[in-house]
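The values are calculated or read from the model by the stated rules, or taken from the named source; none is laboratory data. Only a predicted model underlies this, so the values are computations on that prediction, with no experimental measurement involved. In this analysis, Cβ positions are derived from the backbone assuming ideal geometry, glycine residues included, and neighbour counts consider all displayed protein chains.
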Amino acid sequence: MIALWVVLGIIGLLLIFFIFTFNGLVRLRNQVKNAWAQIDVQLKRRHDLIPNLVETVKGYRDFERATLEAVTKARNVAQQAIGQGVGAQAKAEGELSGALTRLLAVVERYPDLKANQNFLALQEQLTSTENKISFSRQFYNDSVLNFNNKIQMFPSNVVAGVTGFKQGEFFEVKAEAEREVPKVSFEPPKA
Amino acid sequence: MWEQVRSNQIRSVILVAAMGILLLLVGFGLGYAFGNGIAGLVIALVIWAIMNLVAYFQGDSILLSMSRAMKIGPDDHPRLYNIVEEMKISSGLEKMPDVYIIDDPAPNAFATGRDPTKASVAVTSGLLEKLNRDELQGVIGHEMSHIKNRDVLLMSLCSVILGTIVILAWYGSRALLFSGGGRRSSSKGGGQAQLIIIAAAIILMILAPIFAQLIYFAISRKREYMADASSALYTRYPEGLASALEKISSSTYQLKSANQATAPMYISNPFRQKGKAATDLTSTHPPTSERIRILRSMAGGSFADYESAYSKVHKGGGNIMPATALVGTETVQFRAPASEAAVGKPEPGRMERTREVSDLMWQKSGYKIIPCDCGTKLKVPANLGRASVKCPHCGRTHNI
């Protein structure tokens, strides 16, 4: 009789453990999804800012066409990459970041533009959007790390294995150009 | 890494429980001295419950209006608003907190709101003038952690218990002294035992608020360390907060609107005194110099890094982080400071920041700001009663 109760008790405890672990895993997976949605919101905000930026800069006489076109092109590529998986999107966005950084570096040579109120306001929004993108990426990667840890570590890995949780994918910046801080030259462009 | 909220910090819970027991003891002791222990207990609990309700539903608006904070939108001060949003994202908070600004030259900041969906962050104008982007980010990250970890709720719970104890002890001890202990004192016999009870009750009335305050301070200090560690994790740049704390602590202004009850809400103790002993039991905040030293000796941005930096500064002592927060965390890389990362973005200097904040303050008090082509900014009061105004420098006329 006692043995039966002990066995039932152990099964009950295991069941409770299973439920709690499963719910914990679901919560972490939702956090990962949510964090991904956050990145998307910020990326979209950046896509929306770029036409404004291009308009503001275009008005300036002999502003480098090539730089502007590169930004517009990178934006279009990034917009097409939406929904094509974490890896593809990360690559396209990395290239857009690179193009933007180059544009802002070129602006250094145009003192009038740098003093333009419109441009200054836009620049604050751009800087902050870049920060928001990298912070949302940071939170996404932290969430993925957390989720993956839980899936790999004992004893939660047993529950994850049985119920078929798959590991999350990190959002890694492929374009090395984005990581490097480009050197800003204050010399006038060579004629 | 994000589990610290859920891993209900056992030590905090024990300390809160200790304060609760102290409250019950005071209530019971007071009632006992007057002849009915249970009645005293009930009165203490009723007072506590009422104060709790007020603090829960009105606490944040009371605090914000007491410190004369003004709410701002994304266009009023884009940098501050953006930084709050950045920290909201990196902390994984679900809802953007309201942003407030306080017109006060003393640099300080606080967070309030009973839960993460109804939170506010307030900063003083002095803080906006003194700090650059990275430093402000560190401070906001610290405040965000108070919101995220529900410290505001915990601290208001504690301050309500503390307040109840102080009120009970204050009135109780006076009632005891002047009435001589209620109806029992009129009965004859057992006078000595009676005296002892009253003496014990008076001693309890004197000691209880002191003990409650010490416990309160202990909880508050622990939350400050936690918030510093979280700020380093959110920003990946502890130097920002360290240098912000340095600037804040070197300021000689005293915050006008702070008082004893609101002190623990601020990022830096508004009542610090210079030249006071470093490890002070009677402070809501750990000594700033120590917080800076810990932040600067961090090798990476994770909680584990903060923990090891803490024990380095304290020569072995540690255990500031809950164990569950340290599981599975490896060293986290720092990021580059904002001034290096953002190319072509000149960091606004002290002068520009001061102008920015001053303009905002004019606007918030009903003035209209008209920029003139000669570089002057005209500040026009709302009730001027004229359709146009002349620039005092160049004489151009502007329509209002």
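Within the stretch B:83-121, restricting attention to residues that are under 29 Å from B:Leu53 (Cα atoms) and of a type in the set (D, E, K, R), the residue that is surrounded by the most Cβ atoms within 10 Å (Cβ to Cβ) is B:Lys88. Residues that are part of a helix (DSSP H, G or I) and within 14 Å of chain B (Cβ to nearest Cβ) within the stretch A:89-109 comprise A:Ser97, A:Gly98, A:Ala99, A:Leu100, A:Thr101, A:Arg102, A:Leu103, A:Leu104, A:Ala105, A:Val106, A:Val107, listed in sequence order.
Kindly check whether there is at least one residue in the stretch B:85-101 that is within 24 Å of B:Tyr253 (Cα to Cα), assigned by TED's automatic domain parsing to the domain that holds B:Ile197 and among the hydrophobic types (A, V, I, L, M, F, W, C). Yes, that holds for at least one residue. Residues in the stretch B:62-121 that are at positive phi and either within 14 Å of chain A (Cβ to nearest Cβ) or aliphatic (A, V, I, L, M) (or both): B:Gly92 only.
Is there a residue in the stretch A:166-181 that is at the interface with chain B (Cβ under 9 Å from one of its Cβ atoms) and either assigned to a helix (DSSP H, G or I) or at pLDDT below 80 (or both)? There is at least one residue in the stretch A:166-181 that is at the interface with chain B (Cβ under 9 Å from one of its Cβ atoms) and either assigned to a helix (DSSP H, G or I) or at pLDDT below 80 (or both). For the condition part of a helix (DSSP H, G or I) and either closer than 25 Å to B:Thr235 by Cα or within 14 Å of another protein chain (Cβ to nearest Cβ) (or both), A:Gln79 does not qualify. For the stretch B:293-303, the tally of residues that are surrounded by fewer than 21 Cβ atoms within 10 Å (Cβ to Cβ) and either modelled with pLDDT under 80 or among the hydrophobic types (A, V, I, L, M, F, W, C) (or both) stands at 2. Among the residues making up the stretch B:377-400, those that are assigned to a loop (DSSP other than H, G, I, E, B) and under 14 Å from B:Tyr367 (Cβ atoms) are B:Pro381, B:Ala382, B:Asn383, B:Leu384, B:Ile400.
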